[in-house]
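Student: Sharing a structure below in structure tokens format, with a few things to ask.
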Amino acid sequence: MDKLVCIFQRGAADGLNSLVPYGDDDYYLHRDTIAVPLPGEAGGAIDLDGFYGLHPALAPLKSIYDANDMALIHAVGIPHGSRSHFSAQGLVERGVDDKSGPDTGWLGRHLSLNPPPSESAFHTVSISGNVPVSLQGATDPLAISDLSEFGFDQDIVDTGYPDVLKDLFHDSIPFASTAQAALAAMAELRAANLSEITPANGASYPDTALGSRLKQAAQLLRSELPTEVICIDSDGWDHHENLPTFLPQSLTELANSVAAFYTDMGSDMSGITLLVMTEFGRRIAKNGSVGTDHGTAGLAYAIGGGVNGGQIVSNWPGLDITDPELGEDLNITTDLRTVLVEMLTKRLGGTDIGHVFPGFSGSFSAEVFSAL
């Protein structure tokens, strides 16, 4: 069974300028001043298959694609119909297309089917400071902002103060179980000695929020802690203004962080799935602020040894905004839940589809993943 690292691009990443459909003439018609140039031109897209090209800021991911360890899923999403970040993120993380249904998350419901085999606090971890909606319903997921700051300094440990606290928080006082769990997690992390686990294989993480979070994820996965699932937020993807300036900054952070993680994990990537997703994409045409507004379909990335990589999964809907059936948005032609179901089924030990994605009746195979 694979270990999972799930990155959520909060803010609705622009998939059309990330994986550029340069073979569709309507792309340049509607995005004339914000479009990524053709392959071969200055600042042009990195050709993948004669129709699609990577934004040049994603160049560090090209070798992963060429190694058949990355698949890109375009025109993907959950058809929830919301253009609100808060609402859409909640719906995607719950794995539903409307407000009805369970309040727990799709990943939490999956994990609840197979409770952790030990009392370790580190089976399921969010390295973003909060438990995301996707993990709600899982058994005691742990939320940490920075692993290096979770716990007591060594000089305090040497005084025996943590043991004193452990004795103070006995069962008869309020919040005793929470305090005991936190103290146990601190002790477990301290024993793992993560500071001794440094990037391997020449990996160099960028000094950014996402770079730090993925570096910590690699430390957890390379330690003796039984970590199985890690959720990470990537913020700042709401590019309404000056897309040609600000999107490359976000893509550079993503590409350098993911490439460093892939390098760091080395052969261990054969048992790791890294998934990148967002709440919705952006509209086809540029707006008046040289950016793009909230849309519908977006782009997802699947990376790992169990990925049928070197391919773009897309039933391309076209970008003709004069077509009344298409309109102003990139239409969803692959339901994200199809990808998630296939990942859970083929790479994460199987699942109860009806329980994890209630009401979803779509196709259950996008051929993004190979079976274990």
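Student: If you go through segment 38-91 one residue at a time, how many are of a type in the set (Phe, Trp, Tyr), over 21 Å from the mean Cα position of the chain (by Cα) and surrounded by fewer than 19 Cβ atoms within 10 Å (Cβ to Cβ)?
Tutor: 1
Student: Do we find that Pro102 is closer than 25 Å to Ser257 by Cβ and surrounded by fewer than 22 Cβ atoms within 10 Å (Cβ to Cβ) in this structure?
Tutor: no
Student: Specify which of the listed residues (Ala191, Ala203, Ala185) is crowded, with 18+ Cβ neighbours inside 10 Å, over 15 Å from the mean Cα position of the chain (by Cα) and modelled with pLDDT under 95.
Tutor: Within the list Ala191, Ala203, Ala185, the selection yields Ala185.
Student: Under the condition of being small (Gly, Ala, Ser) and free of Cβ contacts under 8 Å to residues at least 60 places away in the same chain, which residue from segment 270-288 is surrounded by the most Cβ atoms within 10 Å (Cβ to Cβ)?
Tutor: Ser270
Student: Moving on to the next point. Of the numbered conditions (1) in contact (Cβ under 8 Å) with a residue 40 or more places away in the chain; (2) among the hydrophobic types (A, V, I, L, M, F, W, C); (3) in a loop (DSSP other than H, G, I, E, B), Leu38 fails exactly one; give the number of that condition.
Tutor: It fails just one condition, (1).
Student: Go through segment 126-147 and count every residue that is modelled with pLDDT of 90 or more, outside any helix (DSSP H, G or I), in contact with a strand residue (DSSP E or B) (Cβ under 7 Å, 6 or more places away or on another chain) and of a type in the set (Gly, Ala, Ser).
Tutor: 4
Student: Thr245 versus (1) under 30 Å from Asp32 (Cα atoms); (2) touching a residue at least 24 places away in the same chain (Cβ under 8 Å): which is the lone unmet condition?
Tutor: (2)
Student: Looking for whichever is of a type outside the set (S, T, N, Q), within 19 Å of the chain's Cα centre (by Cα) and under 18 Å from Ala88 (Cα atoms) here; the options are Met277, Met265, Met269, Met343. Which one fits?
Tutor: Met277
Student: Next question, about the same structure. I'd like to know if segment 110-125 contains one or more residues that are within 23 Å of the chain's Cα centre (by Cα), buried (at least 20 other Cβ atoms within 10 Å of the Cβ), assigned to a helix (DSSP H, G or I) and not basic (Lys, Arg). Write out each step before concluding.
Tutor: From segment 110-125, those within 23 Å of the chain's Cα centre (by Cα) are 110-116, 121-125; that's our starting set.
Next, only the ones that are buried (at least 20 other Cβ atoms within 10 Å of the Cβ) stay: 110-111, 121-125.
From the residues that got through so far, the ones that are assigned to a helix (DSSP H, G or I) too are 110-111.
Right, trim to not basic (Lys, Arg) and you get 110-111.
Yes, there is a match, as at least one residue in segment 110-125 is within 23 Å of the chain's Cα centre (by Cα), buried (at least 20 other Cβ atoms within 10 Å of the Cβ), assigned to a helix (DSSP H, G or I) and not basic (Lys, Arg).
Student: In segment 229-250, is there at least one residue being farther than 18 Å from Arg10 by Cα and under 17 Å from the mean Cα position of the chain (by Cα)?
Tutor: Looking for residues that are farther than 18 Å from Arg10 by Cα and under 17 Å from the mean Cα position of the chain (by Cα), one finds at least one in segment 229-250, hence yes.
Student: Please work out if Leu340 is in contact (Cβ under 8 Å) with a residue 12 or more places away in the chain and under 20 Å from Tyr27 (Cβ atoms).
Tutor: So Leu340 does not fit the description; no.
Student: Which count do you get for residues in segment 289-348 that are touching a Lys or Arg at 6+ places or on another chain (Cβ under 7 Å), crowded, with 20+ Cβ neighbours inside 10 Å and within 13 Å of Leu16 (Cα to Cα)?
Tutor: 3
Student: Give all pairs with beta carbons closer than 7 Å in which a residue from segment 120-131 that is within 15 Å of Gln219 (Cα to Cα) meets a residue that is of a type in the set (Ser, Thr, Tyr) and assigned to a loop (DSSP other than H, G, I, E, B); count only pairs at least 6 apart in sequence or on separate chains.
Tutor: Here the result reads Phe122/Thr227; His123/Thr227; Val125/Thr227, each pair linking segment 120-131 to a residue that is of a type in the set (Ser, Thr, Tyr) and assigned to a loop (DSSP other than H, G, I, E, B).
Student: May I ask you to verify whether Arg94 is crowded, with 17+ Cβ neighbours inside 10 Å, modelled with pLDDT of 95 or more, among the charged types (D, E, K, R) and over 25 Å from Asp264 (Cβ atoms)?
Tutor: yes
The values are calculated or read from the model by the stated rules, or taken from the named source; none is laboratory data. As the structure is a prediction and not an experimental result, all values here were calculated from the model. For neighbour counting, all protein chains shown are included, and Cβ atoms are generated from backbone atoms with ideal geometry for every residue, glycine included.
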